[in-house]
1. Restricting to region 61-83, name every residue that is of a type outside the set (A, V, I, L, M) and open to solvent by less than 10 Å² (accessible area, probe 1.4 Å).
2. Just give me the residues in region 150-173 being within 21 Å of residue 51 (Cβ to Cβ), buried (at least 23 other Cβ atoms within 10 Å of the Cβ) and acidic (Asp, Glu), in sequence order.
3. Of all the strands (runs of 3 or more DSSP E) wholly in region 75-176, which have at least 2 residues that are touching a helix residue (DSSP H, G or I) at 6+ places or on another chain (Cβ under 6 Å)?
4. Counting just the residues of region 174-192 that are small (Gly, Ala, Ser) and touching a residue at least 40 places away in the same chain (Cβ under 8 Å), which one comes out least open to solvent (accessible area, probe 1.4 Å)?
5. If I go through region 66-104 residue by residue, how many of them are among the basic types (Lys, Arg) and touching a Leu at 6+ places or on another chain (Cβ under 6 Å)?
6. What pairs can you find where one residue is in region 193-216 and surrounded by fewer than 17 Cβ atoms within 10 Å (Cβ to Cβ), the other is assigned to a helix (DSSP H, G or I), and their Cβ atoms are less than 7 Å apart, with a gap of 6+ or different chains?
7. Would you please name the residue that is nearest to the chain's Cα centre (by Cα), looking only at residues in region 19-39 that are without any contact (Cβ under 8 Å) to a residue 24 or more places away in the chain and not in a helix (DSSP H, G or I)?
8. So which residues in region 85-96 are open to solvent by less than 40 Å² (accessible area, probe 1.4 Å) and over 14 Å from residue 62 (Cα atoms), if there are any at all?
Amino acid sequence: MNPTLCEEDVLLAIDVQYDFLPGGALAVENGDGVIAPIDALARRFASHRGHLVLTQDWHPPHHASFASSHPGKTPFETIEMPWGPQVLWPDHCVQGSRGAEISRALDCATAAELVIRKGFHRDVDSYSAFREADRRTQTGLAGYLRERGLERVFCVGLATDFCVAWTALDARAEGFETVVVIDACRAIDQDGSLAKALADLERAGVTICETGDLLA
């Protein structure tokens, strides 16, 4: 990986929302630890005319991914949905709720050129910023990046083994050079999910780096 940033690079900050931060409905351990490195990266990207895009989970009430929508089920159980296995989550990032807001501690958020909202279709989940869990429904992000002439995607945020990994894998599948800045992410790591995600990323040709590689 060439660590020199340029105007064809985009920093994709994934789901830095209150419900994924300490005290939230689906808090990722040490999730707030991503905020300082993301802000530092955003400043570096801006100084090289790079770009910033945010994603935001945006679920309607009674979303299909919520355990509460399935009588007798509890959070973190897995069920089969038409597209495959689905982890059932606590209700989180409900449209219009404080938990769905992007953290105001993320100073760079006001500089974002685009916010991609995902998971707003009631009957299908959406970890990836590019494609929903049915693997057919597109968010439009790939087209946006192409029309802007952006070529390299740097993924950061929450959570490494779900939304970050799915986004990075889809970015790679769409033909973008893709990098995960691993220390600017935090994982849920449920039943070996982090190790699996890292193996999947390596197999797909996604580069793993650290913040220091880009700030040096």
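The values are calculated or read from the model by the stated rules, or taken from the named source; none is laboratory data. Bear in mind that the values here come from a model prediction, so they are computed numbers and not experimental data. Glycine gets a Cβ as well: all are built from the backbone with ideal geometry, and neighbour counts include every protein chain shown. With ligands, DNA and RNA removed, areas are computed over all heavy atoms of the protein, side chains included. Shrake-Rupley method; radii C 1.70, N 1.55, O 1.52, S 1.80 Å.
1. To start, the set of residues in region 61-83 that are of a type outside the set (A, V, I, L, M) comprises 61-63, 65-66, 68-78, 80, 82-83.
Residues satisfying the conditions are 63, 65, 66.
2. Result: 170, single match.
3. Values: elements: 78-81, 84-87, 114-118, 152-158.
Hits in region 75-176: 152-158.
4. Here is the first cut: in region 174-192, the ones small (Gly, Ala, Ser) are 175, 184, 187, 192.
Adding the requirement that they be touching a residue at least 40 places away in the same chain (Cβ under 8 Å) leaves 184, 187.
On the way: 184: 0, 187: 24 Å².
Here the residue is 184.
5. First, the residues of region 66-104 that are among the basic types (Lys, Arg): 73, 98, 104.
In the following step, the residues that additionally are touching a Leu at 6+ places or on another chain (Cβ under 6 Å) were identified as 73.
Count: 1.
6. 200/165; 200/169; 204/169; 204/172; 205/172; 208/201; 215/40; 215/44
7. Let us first name the residues in region 19-39 that are without any contact (Cβ under 8 Å) to a residue 24 or more places away in the chain, namely 22-23, 27, 36.
Those left that are additionally not in a helix (DSSP H, G or I): 22-23, 27.
On the way: 22: 17, 23: 19, 27: 14 Å.
Restricting to residues being without any contact (Cβ under 8 Å) to a residue 24 or more places away in the chain and not in a helix (DSSP H, G or I), the top hit is 27.
8. Of region 85-96, the ones open to solvent by less than 40 Å² (accessible area, probe 1.4 Å) are 86-90, 92-94.
Once the filter is applied, which keeps residues that are open to solvent by less than 40 Å² (accessible area, probe 1.4 Å) and over 14 Å from residue 62 (Cα atoms), region 85-96 yields 86, 87.
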